[in-house]
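Peer 1: Mind looking over this structure? Questions follow.
The values are calculated or read from the model by the stated rules, or taken from the named source; none is laboratory data. Source: prediction; values computed, not measured. Virtual Cβ from ideal backbone geometry, glycine too; neighbours counted across all protein chains shown. The accessibility values were calculated without ligands, DNA or RNA, using every heavy atom of the protein model including side chains. Shrake-Rupley method; radii C 1.70, N 1.55, O 1.52, S 1.80 Å.
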Amino acid sequence: MVTVCGGFAATLLDAVLDIAVQTVPPPATGVTTAELNLNFTRVVLPSMGRLVATGEVVHHGKTMITVEGRLEGAGDDRLHANATATCFVLQIV
């Protein structure tokens, strides 16, 4: 059986989590990851076709932002992997 490296799914989820995080920090701040968790729930095969990665903000405060992401099959909405991240909000001087 041919599978796709787990790093592929991890990279897609990391990207959508970052995009979600970038939608909420106030001006003159930066963001860095404090914690990243990734769960693989189904194998990813090249023959499966397109995948859809989505991310959303769960919580945003003055110092921390929490986001969740999902990687699903485009045609069947089956979950292949999900991730959560907690990020520090940094003041840029």
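Peer 1: Please verify whether residue 15 is touching a strand residue (DSSP E or B) at 6+ places or on another chain (Cβ under 9 Å) and either among the hydroxyl-bearing types (Ser, Thr, Tyr) or in contact (Cβ under 8 Å) with a residue 40 or more places away in the chain (or both), treating the condition exactly as stated.
Peer 2: Values: touching a strand residue (DSSP E or B) at 6+ places or on another chain (Cβ under 9 Å): yes; either among the hydroxyl-bearing types (Ser, Thr, Tyr) or in contact (Cβ under 8 Å) with a residue 40 or more places away in the chain (or both): no.
So residue 15 fails the test.
Peer 1: Among the listed residues 7, 61, 73, 55, identify the single one that is of a type in the set (Gly, Ala, Ser) and in contact (Cβ under 8 Å) with a residue 40 or more places away in the chain.
Peer 2: Details: 7 fails: in contact (Cβ under 8 Å) with a residue 40 or more places away in the chain; 61 fails: in contact (Cβ under 8 Å) with a residue 40 or more places away in the chain; 73 fails: in contact (Cβ under 8 Å) with a residue 40 or more places away in the chain.
Unique residue meeting the criteria: 55.
Peer 1: If you don't mind, another one. Scan region 27-58 for residues that are among the aliphatic types (A, V, I, L, M), surrounded by 14 or more Cβ atoms within 10 Å (Cβ to Cβ) and in a strand (DSSP E or B) and jot them down. Break it down stepwise before answering.
Peer 2: Residues of region 27-58 that are among the aliphatic types (A, V, I, L, M), as a first pass: 28, 31, 34, 36, 38, 43-45, 48, 51-53, 57-58.
Okay, now just the ones that are also surrounded by 14 or more Cβ atoms within 10 Å (Cβ to Cβ), so 31, 36, 38, 44, 48, 51-53, 57.
Correct list: 31, 36, 38, 51, 52, 53, 57.
Peer 1: So which residues in region 59-91 are assigned to a loop (DSSP other than H, G, I, E, B) and under 24 Å from residue 25 (Cβ atoms)? Don't jump to the end; show me each part of the working.
Peer 2: The first filter runs over region 59-91 and keeps only residues assigned to a loop (DSSP other than H, G, I, E, B), leaving 61-63, 74-78.
Answer for region 59-91, where residues must be assigned to a loop (DSSP other than H, G, I, E, B) and under 24 Å from residue 25 (Cβ atoms): 61, 62, 63.
Peer 1: Name the single residue that is nearest to the chain's Cα centre (by Cα) among those in region 44-60 being of a type in the set (Val, Ile, Thr) and modelled with pLDDT of 90 or more. Spell out how you get there, then give the answer.
Peer 2: Initially, region 44-60 is screened for residues of a type in the set (Val, Ile, Thr), giving 44, 52, 54, 57-58.
Cutting the leftovers down to modelled with pLDDT of 90 or more gives us 52, 54, 57-58.
On the way: 52: 11, 54: 7, 57: 10, 58: 12 Å.
Restricting to residues being of a type in the set (Val, Ile, Thr) and modelled with pLDDT of 90 or more, the top hit is 54.
Peer 1: For region 61-93: of the residues being at pLDDT below 95, open to solvent by 70 Å² or more (accessible area, probe 1.4 Å) and not hydrophobic (A, V, I, L, M, F, W, C), which is farthest from the chain's Cα centre (by Cα)?
Peer 2: 91
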